[in-house]
Every structure is written in structure tokens, then in C-alpha cells.
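As C-alpha cells, the structure follows; a few thoughts come after it.
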Amino acid sequence: MNKRWRNAGLYVLLVVVVIALATAFFEQPRIEIESWRYSRFINEVENGSIEKVVISADRSQARFSDPTGPDSAGKDRRIVVNLPSDPGLVDILTDNSVDIEVQRQAEENRLLQVLSTLLIPILLLVVLFFVLRRAQNGPGSQAMNFGKSKARVQMEPQTQVTFGDVAGIDQAKLELTEVVDFLKNADRFTAVGAKIPKGVLLVGPPGTGKTLLAKAVAGEAGVPFFSISGSEFVEMFVGVGASRVRDLFEQAKNNAPCIVFIDEIDAVGRQRGAGLGGGNDEREQTLNQLLTEMDGFEGNTGIIIIAATNRPDVLDAALLRPGRFDRQVVVDRPDYSGRLEILKVHSRGKTFSKDVDLEKIARRTPGFTGADLSNLLNEAAILAARRNLTEISMDEVNDAIDRVLAGPEKKDRVMSEKRKSLVAYHEAGHALVGALMPDYDPVQKISIIPRGQAGGLTWFTPSEERLESGLYSRSYLKNQMAVALGGRLAEEIVFGDEEVTTGASNDLQQVARVARQMVTRFGMSEKLGPVALGRQQGNPFLGRDIATERDFSEETAAVIDAEVRSLVDVAYSRAQQVLVDNRGVLDQLASMLVDKETVDSDELQRLLIENNVSMASIA
Ligand code: ADP
Ligand code: MG
Ligand code: ZN
């Protein structure tokens, strides 16, 4: 569309809309209209308090003036009643000597008719107007006003969200209460010379409540909330993103103390200069600007930046350095009790029938995020309304679960009991072998909440010393292989060889990799001795694995294979011994997992102590 014409069109539209709205406003009846129920109407007729009614041409409505007289301001009040098709009505009216007037079709509700015929075109025009305006701000006209579109930064003076609205992610909430404290009492921290953190990175899958949490921080601290999405920084024209960043911080500084929320920060914050596709100048400039701004504001200006991502692994290391996003808060999918809390939050204001049991719903929905759960209850309420019910019953909830699960990716999140128990044994296997191996990292948390490809996950806390030195002992690596095999082994021991699943393929790859590295790179094989075999070339443009050059004979290759095999076999039998010897504990841990979905280090420790298991028993 030609631009001049589009502008002219816009003005015409605007004028039409204004005229239409003005007409509607001035012609609106100045009389108050109230509507009554039919039963009240009949009562009043029978009391003899109504003298005259006007009935619409189609016999669907009766109008009359309020029998209690005009209101306090002296204005006449009109009453409207919707009439059922009741053939006895005329008799009732004449029996009570009410004067009846039937309106002619033409004059009936003329005003309302005019308005309602106007309404749809007006709405269309308004929508069109906004669409065109947006189009005008789009890339086509961007060249004219580089980065000036402040509209992309959204500001909420008061978010009205509190921590009470966020449920089931208590750990994350706890870590953020500190931030609220910083914002509220900045002076106290400044007084003792403490530097307030600038950036907090919220890490977690979509729908787990990251945006909600950031809003709650702003709400609790009573400060404004600025938000922008990382993808909006990245525009066609070089320089726009960077100037948007400048813009954003300009506005934030004028409104400090405040929260700046950057959603999807990975869109701008990816590692610079990596990957095969060549760099993206625009993105790098934007990122550099962001880093500059974060370093720029000195001391405690009261601006705290909260960013969200579900890909912390791809972020540029510069973003995570001290003074930038140096705090990370994990916002994970809620476990059973978390889901129950979230369901409680979102069932506020909804009417449920007695058969609805939130605990049952929470049980049925492992892997659901907060957004899924809120969506689920809302769908159930909509279904109930459609079915003309006054309460939401379990039928609606069940149908809603099916709806929310419509996507194929989500379907397999609802685990059958069998699969749940299989995953629980698998993870319990990893955890138990890990916990009982001397010289291995302590278990931090075990979870059977599905995530991505993995059915569950067991986290170990690496010791500080190991993290710092990056050195691993031979016994540590041996244990690592046993731990990785523990998952598959537990499946075998409990369900039999035939029932093992493909769920362990990652584990097996890890075992193979560790064993091969021990033999060929770390010189930890007795037969081959301390030699490094195969030149390792770190060529970033080909995957590092592809670039290994072979510099040994066929015979050596055969010995390597045999050594790898024997390392794996030893690890296998060690893990097997641990699990068979402690079958009782394995069963208890698995059933804890089935029940609660997550088990933390304290709970595991307690279980081990109760069962008198200690590391010494298996050396
Ligand atoms: P994210 O930013 O992590 O993708 P959002 O914060 O946008 O997720 O969540 C979307 C909606 O889902 C929220 O507005 C809220 O209604 C609901 N929700 C998500 N997580 C929670 C939670 N932990 N507690 C209560 N409601 C939640
Ligand atoms: Mg979000
Ligand atoms: Zn595993």
C-alpha cells in the first residue's frame, strides 16, 4: 500500500470512529434502565403496583416505569423484563387491570437497533486502525525512526502480583525474597558498603512461572516493572537492538528503584563468535551494549535486572560474570506437592463440586508446569459453563486434562504407573550407587519429573576442590561409570532383562566415553601404561570428536577395546553388587520417588541412616 494513501486512510478511519462514538454517546438514553426477573414482575402486577406496560412487537420484552417512583435525583427509572412465551400473561395483566400497549415493529428500540448495527462496523474499524498503525511501526518504516519505538518496552507501575500468587517453587521464591529486601531497603545495604546485585538469571522451562516471579518481586517491593523480550532486540537493522537497550536503561534510570525484566535473554545473549553459521553482528552489538549498560550504572542505583531463559548453556560467559547475572535461580517444573499448591492458587474464585479432589489432579499431572495447571483449571471452568453447570465437577477436569494434553509432546508426560515405577527404580539405582561409593560426589537431588528427553534426573554436587582443580582421580572415574550403570542395572534387577528400556542410552554413552578416555587419554590402563593414544585436535569448526587422528596400530586398537571392555565390566559388577546387597533400600527409595517425585539429599541421608547403610560396607 502506498504510504500517503495509507495515512489518508487512517485519518478518515479515525474521523469516522470518533463521529460514530460521539453519536452513540449523545444518543444514549439518559434514563436509567433496570432489569427485573419475570417472577418479580408478576408479583408486582399482582400487588397492583404497576399501572401500564409497553410490550415489544415480538412479545419478548415488557417495559414500564419503576412503581417505586423516580430516583433521588428526580430522574425517571425504566424497568425491562424479558418475557417467556407465557400465553396466560395477558390474562394476568387484564385481571389486574394493567394498561397494555403493544409497540409497533418500526419504532421499537430504534436507538438500540441503530447502535447495534453500528457496533460491529465500529469495532472492525478500530481493529483495522490498530493493525494499520502497527504495520506502520513495522520494519517498513523502521528506517525512519531507528530504535525510537519505545512502545516495545512495557512498563507496569504496579504489577499487583505478590508472592502469594506464586506457588510450588518455594526455593526460587526464597532466593528472590532477598532481592525484594534489596529493593526495599537499598539504604541499609549502601550504609554498610554492601553492593546490591545487579542481575538475577531465572532458569527454567517455559510456563514454570519465571515472568510471574519477576512480577511478584516488583509487586512485593512496590516498584515499577519494565519488561522486554530478548527477541525484540534483534531486528533487521544493525544498531536498532543496541539503541533499544540504551532506551530501556534510560527509562529504568528515570524510574529507579525498579525491576527490568528481559525475557528470552538467550535470543541476544548467545555466545559470541561461535558456531558454523557465522556471527550475527546485530546480536553482538546488542549484547555488548547490554554488558556496557550493566557495568555502567555505579553503585546502588536501585535497578535490578531479572532475565529469564531456558537455555543457560548457550549464554555468553561474559553475561554470567560477577557484577552481571551472577545469581542464578532455577525455576523447575513443580513436583507433586508443588502442583498441589499451584492448583490451590488457581482454584481460588472457582466453584468446584465435592467430587473434585485437587490431590488427585496433582497426582495425575506429573510434568505439568504452572501454566499448564492454570490452563487446565480454566478449561474445566469453561467446559462447566458451556454445559450450563453451576459447579465444576471431576468430569470437566478430566476432559480438560485431555485437552491440555492434546499436543503429542505433552502426551507422554502423563506416565503410566508402570513407567513411573520404572523411572523411579532407574534414578534410585543411580542415586544409591552414587551415595554408597566412597570417593564420589554426594547426591543433591533425585527427580522423576519428566524433562525433555530424559525420564528423570539425579544431580550430584561436585566438591569445591574438584570443581577448582578440574582433576579427577582414577577411582572417581571408576565410580562415575558404576553410577552411570546403576540406572540400567536397577531396571534389570527389578523388572528382569526383558523389560529394560532404551532410557539408559545416554548413560551407556557416558560410560563408554569415560572408559575410552581413561585408556587412551589419561593413561589409566595397566596394560597400555601412561601413554596418550590418538592425537586430539580441538578444531572448533568440526565437532571435536570427528577430528581425532589415529596414530596407533591395529593391535593397539584391539588392546584398547579389551581394556575399555574390562573397565566397563568391573564397573558393572561393582554397581550390581551395591544394588543387590541393598535391594531393600532401593525399593524404599523408588517408592518414595513414585510418591513424591523428588527426593533431596537430606531425605536420602535419613533413609540410609534408618537402614544402617554406610559407605564402609562396600569397599
Ligand atoms: P514463564 O515466564 O516461566 O514462561 P509465566 O510466568 O509466564 O511462565 O507463567 C504463565 C502463567 O502460568 C502465569 O501467569 C500463572 O498464571 C501460571 N503459573 C506459572 N507458574 C506458576 C506458579 N509457580 N504458581 C502459580 N501460577 C503459575
Ligand atoms: Mg515468560
Ligand atoms: Zn540414567
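Determine if region 314-329 includes at least one residue that is at pLDDT 85 or above, touching a strand residue (DSSP E or B) at 6+ places or on another chain (Cβ under 6 Å) and within 16 Å of ligand 2 (Cβ to nearest atom). Within region 314-329, one or more residues are at pLDDT 85 or above, touching a strand residue (DSSP E or B) at 6+ places or on another chain (Cβ under 6 Å) and within 16 Å of ligand 2 (Cβ to nearest atom). Checking each residue of region 156-170 against the condition of being farther than 23 Å from Ile228 by Cα and in contact with a helix residue (DSSP H, G or I) (Cβ under 6 Å, 6 or more places away or on another chain) gives at least one match.
Could you please find all residues in region 321-356 being away from ligand 1 (no atom under 16 Å from the Cβ) and over 19 Å from Pro205 (Cα atoms)? Explain how you work it out, then say what you get.
Just the residues of region 321-356 that are away from ligand 1 (no atom under 16 Å from the Cβ), to begin with: 321-327, 351-356.
Result: Arg321, Pro322, Gly323, Arg324, Asp326, Thr351, Phe352, Ser353, Lys354, Asp355, Val356.
Filtering region 370-393 for residues that are of a type in the set (Asp, Glu) and within 16 Å of ligand 3 (Cβ to nearest atom) leaves an empty set.
Table: residues versus (1) hydroxyl-bearing (Ser, Thr, Tyr); (2) closer than 24 Å to Glu417 by Cα; (3) away from ligand 3 (no atom under 16 Å from the Cβ).
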site: Gly434; (1), (2), (3): no, no, no
site: Pro438; (1), (2), (3): no, no, yes
site: Gln444; (1), (2), (3): no, no, no
site: Thr458; (1), (2), (3): yes, yes, no
site: Thr461; (1), (2), (3): yes, no, yes
site: Glu464; (1), (2), (3): no, no, yes
site: Leu467; (1), (2), (3): no, no, yes
site: Arg474; (1), (2), (3): no, no, yes
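If you go through region 203-217 and pick out every residue that is over 14 Å from Arg333 (Cα atoms) and under 8 Å from the mean Cα position of the chain (by Cα), you end up with 1.
Sort out which residues of region 84-100 are loosely packed, with under 12 Cβ neighbours inside 10 Å and within 19 Å of Ser35 (Cα to Cα), and write them in order of number.
Going through region 84-100, the residues loosely packed, with under 12 Cβ neighbours inside 10 Å turn out to be 84-85, 87-88, 91, 94-95, 97.
Correct list: Pro84, Ser85.
Under the condition of being of a type in the set (D, E, K, R) and within 16 Å of ligand 2 (Cβ to nearest atom), which residue from region 252-269 is least open to solvent (accessible area, probe 1.4 Å)? Among them, the one singled out is Asp266. Kindly evaluate Val166 against the criterion of being within 14 Å of Asp332 (Cβ to Cβ) and under 18 Å from the mean Cα position of the chain (by Cα). Yes: the conditions hold for Val166.
How many residues does region 284-336 contain that are of a type in the set (Val, Ile, Thr) and open to solvent by 30 Å² or more (accessible area, probe 1.4 Å)? Please lay out each step first, then the result.
Just the residues of region 284-336 that are of a type in the set (Val, Ile, Thr), to begin with: 286, 292, 301, 303-306, 309, 314, 329-331.
Narrowing further to those that are open to solvent by 30 Å² or more (accessible area, probe 1.4 Å): 292, 301, 330.
The qualifying residues number 3.
Across region 495-506, what is the number of residues that are touching a residue at least 24 places away in the same chain (Cβ under 8 Å) and open to solvent by less than 60 Å² (accessible area, probe 1.4 Å)? Working first, answer last.
Our first condition is that a residue be touching a residue at least 24 places away in the same chain (Cβ under 8 Å); within region 495-506, this holds for 495, 499, 501, 503-504, 506.
Of the ones still in play, those that are also open to solvent by less than 60 Å² (accessible area, probe 1.4 Å) are 495, 501, 503-504.
Going through region 495-506 one residue at a time, the tally reaches 4.
Taking residues in region 327-338 that are farther than 26 Å from Gly199 by Cβ, and partners anywhere that are of a type in the set (Lys, Arg), the pairs with Cβ atoms closer than 9 Å and at least 6 places apart or on different chains are Asp335/Lys596; Tyr336/Arg363; Tyr336/Lys596; Ser337/Lys596.
Of all residues being within 16 Å of ligand 2 (Cβ to nearest atom) and closer than 25 Å to Asn255 by Cβ in region 174-211, which is most open to solvent (accessible area, probe 1.4 Å)? Just the residue, please. Full working, then the answer.
From region 174-211, those within 16 Å of ligand 2 (Cβ to nearest atom) are 176, 200-211; that's our starting set.
With closer than 25 Å to Asn255 by Cβ added as a condition, the list becomes 176, 200-202, 209-211.
Working: Leu176: 1, Val200: 3, Leu201: 1, Leu202: 0, Gly209: 17, Lys210: 23, Thr211: 54 Å².
Across region 174-211, the extreme among qualifying residues is Thr211.
Mind checking which helices (runs of 4 or more DSSP H) fall wholly inside region 148-257 and carry at least 1 residues that are within 15 Å of ligand 1 (Cβ to nearest atom) and not β-branched (Val, Ile, Thr)?
Numbers: elements: 170-184, 186-191, 210-221, 230-233, 240-254.
By residue number, 170-184, 210-221, 230-233.
Return the residues of region 492-511 that are more than 14 Å from ligand 3 (Cβ to nearest atom) and either part of a helix (DSSP H, G or I) or of a type in the set (Phe, Trp, Tyr) (or both); say none if nothing qualifies. Write out each step before concluding.
Taking region 492-511 and keeping what is more than 14 Å from ligand 3 (Cβ to nearest atom), we get 493-499.
If the condition is that a residue be more than 14 Å from ligand 3 (Cβ to nearest atom) and either part of a helix (DSSP H, G or I) or of a type in the set (Phe, Trp, Tyr) (or both), then Ile493, Val494, Phe495, Asp497, Glu498, Glu499 are the ones that fit.
The values are calculated or read from the model by the stated rules, or taken from the named source; none is laboratory data. Please read all numbers here as calculations on a predicted model, not as lab measurements. Cβ: placed from backbone, ideal geometry, glycine included. Neighbour counts: every protein chain shown. All accessible areas refer to the heavy atoms of the entire protein, side chains included, with ligands and DNA or RNA removed. Shrake-Rupley method; radii C 1.70, N 1.55, O 1.52, S 1.80 Å.
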